[in-house]
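Colleague: Below are the structure tokens for one structure; questions will follow.
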Amino acid sequence: MKFKQFFFAALMPFVKVYWRIFKPKSFGVKVLLTHPAEKSKVLLVRHSYGNTSLWNIPGGGYNPKNESAEKAARREVFEELGVEVLQLSLLGEYLTSIEGKKDTVTMYRGTIESTSTIKTNPEILEIEWAESSLLGSRGNEVARVARRAAEKAFPSIAQR
């Protein structure tokens, strides 16, 4: 494990204790990236912090006083994957307090120009292009916010 991955993994339990005690408000963004050639496939990532066995979609936190959710979504994808997002569209908001904090996550759908230019940083352990129609059947292996974003982007999933 690289140093930054170790640092994120070691720090996370302390951050979660802080969240449970002080219940801060936080804001995040998540981007459901569709494959440039196979539009029914979406990019899943496994982060090096938190629940490392859980598949999620790229994203992270931001301060709405300093940047817009859209700008943060583009920044987070670039930081985590080294690619620019094309055709970003709003899917909606996801509210959660599962980690102890009051988190408002703005979800987007976007595309990238090419899969060959993806370069992950230490926050990302693994990536996978997954069939969007199968995300619901993967149960607790895929984060709720990723499943919700897929349901919003592909309404036929939610009807199953």
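The values are calculated or read from the model by the stated rules, or taken from the named source; none is laboratory data. On a predicted model such as this, the values are computed, not experimentally measured, just so you know. Counting neighbours? That spans all protein chains shown, and the Cβs are built from the backbone with ideal geometry, glycine included.
Colleague: What number of residues within the range 111-145 satisfy the criterion of being within 12 Å of the chain's Cα centre (by Cα) and closer than 15 Å to HIS35 by Cα?
Modeller: Within the range 111-145, residues that are within 12 Å of the chain's Cα centre (by Cα) and closer than 15 Å to HIS35 by Cα number 1.
Colleague: Kindly indicate the residue of the range 79-123 that is in contact with a Pro (Cβ under 8 Å, 6 or more places away or on another chain) and modelled with pLDDT of 90 or more and also surrounded by the fewest Cβ atoms within 10 Å (Cβ to Cβ) among those meeting that condition.
Modeller: Of everything passing the filter in the range 79-123, SER114 is surrounded by the fewest Cβ atoms within 10 Å (Cβ to Cβ).
Colleague: Further question on the same structure: Which one of the conditions (1) over 15 Å from the mean Cα position of the chain (by Cα); (2) of a type outside the set (Gly, Ala, Ser); (3) not in a strand (DSSP E or B) does GLN87 fail to meet, given that it meets all the rest?
Modeller: It is condition (3) that GLN87 fails.
Colleague: In contact (Cβ under 8 Å) with a residue 12 or more places away in the chain and surrounded by fewer than 16 Cβ atoms within 10 Å (Cβ to Cβ): which single residue out of GLU151, GLU141 fits that description?
Modeller: GLU141
Colleague: Can you tell me which of (1) surrounded by 13 or more Cβ atoms within 10 Å (Cβ to Cβ); (2) touching a strand residue (DSSP E or B) at 6+ places or on another chain (Cβ under 7 Å) is the one SER133 doesn't meet?
Modeller: Answer for SER133: the failing condition is (2).
Colleague: Same structure again: Of the residues that make up the range 102-120, is at least one closer than 27 Å to LYS23 by Cβ, acidic (Asp, Glu), assigned to a strand (DSSP E or B) and free of Cβ contacts under 8 Å to residues at least 60 places away in the same chain?
Modeller: Looking through the range 102-120, none of the residues is closer than 27 Å to LYS23 by Cβ, acidic (Asp, Glu), assigned to a strand (DSSP E or B) and free of Cβ contacts under 8 Å to residues at least 60 places away in the same chain.
Colleague: For the range 55-78: of the residues being part of a strand (DSSP E or B) and under 12 Å from the mean Cα position of the chain (by Cα), which is farthest from ARG147 (Cα to Cα)?
Modeller: GLY61
Colleague: Considering only residues that are under 26 Å from LYS16 (Cβ atoms) and surrounded by 14 or more Cβ atoms within 10 Å (Cβ to Cβ), which ones fall in the range 59-78?
Modeller: Correct list: GLY59, GLY60, TYR62, GLU67, ALA69, ALA72, ALA73, ARG75, GLU76, VAL77.
Colleague: Of everything in the range 118-149, what is within 17 Å of VAL85 (Cβ to Cβ), among the hydrophobic types (A, V, I, L, M, F, W, C) and touching a helix residue (DSSP H, G or I) at 6+ places or on another chain (Cβ under 9 Å)? Give them in sequence order.
Modeller: Within the range 118-149, ILE118, ILE124, ILE127 qualify.
Colleague: Turning to a different aspect of this structure: So how many residues does the range 76-103 have that are within 15 Å of PRO58 (Cβ to Cβ) and in contact with a strand residue (DSSP E or B) (Cβ under 8 Å, 6 or more places away or on another chain)?
Modeller: 10
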